[in-house]
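Engineer: Just passing along the structure, written as structure tokens.
Bear in mind these aren't lab numbers, they're just calculated from the coordinates by the rules spelled out. Keep in mind it's a predicted model, so treat the numbers as computed, not measured. Cβ atoms come from the backbone with ideal geometry, glycine included; neighbour counts cover every protein chain shown.
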Amino acid sequence: MNQQWEHKVCYVDFRGRISTEGVEYIRKPEEHRSGFVRKYLDVLGAEGWELVGIHHLRQENAYYVFRRPKQESGEAAA
């Protein structure tokens with residue numbers, strides 16, 4: 001059987017905003033830009049998401065594309 005994948009697309013603006021499937025994450029004033037994004041990426045990695053592509057829009061923003069193996073229908077979705 002071929003591997004099935006599920007995907008997640010995140011809009012990342014290094015000035016302080018990440019948008020994923022309608023949920024917004026805003027950088028706190030004391031957070032560094034790179035630390036803000038790294039913290040979010042660490043959470044996705046812990047959930048099994050793997051970064052497979054980046055589509056740059058401008059200098060400070062891009063779409064990040066992730067994938068992970070699709071769960072069997074009998075397993076609980078994360």
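Engineer: Assign one of three labels to region 12-60, namely rounded, prolate or oblate, based on the Cα gyration tensor with a ≥ b ≥ c the square roots of its eigenvalues; rounded applies when a/c is under 1.5, prolate when it is not and a/b is larger than b/c, and oblate otherwise. Walk me through the intermediate numbers first.
Structural biologist: Details: a/c = 1.57, a/b = 1.19, b/c = 1.32.
Here region 12-60 falls in the oblate category.
Engineer: Please sort by residue number the trypsin sites (Lys or Arg not before Pro) in the chain whose DSSP state is loop and whose Cβ has at most 14 other Cβ atoms within 10 Å.
Structural biologist: Details: sites: 8, 15, 17, 27, 33, 38, 39, 58, 67, 70; in loops: 15, 27, 70.
Passing sites in the chain are 15, 70.
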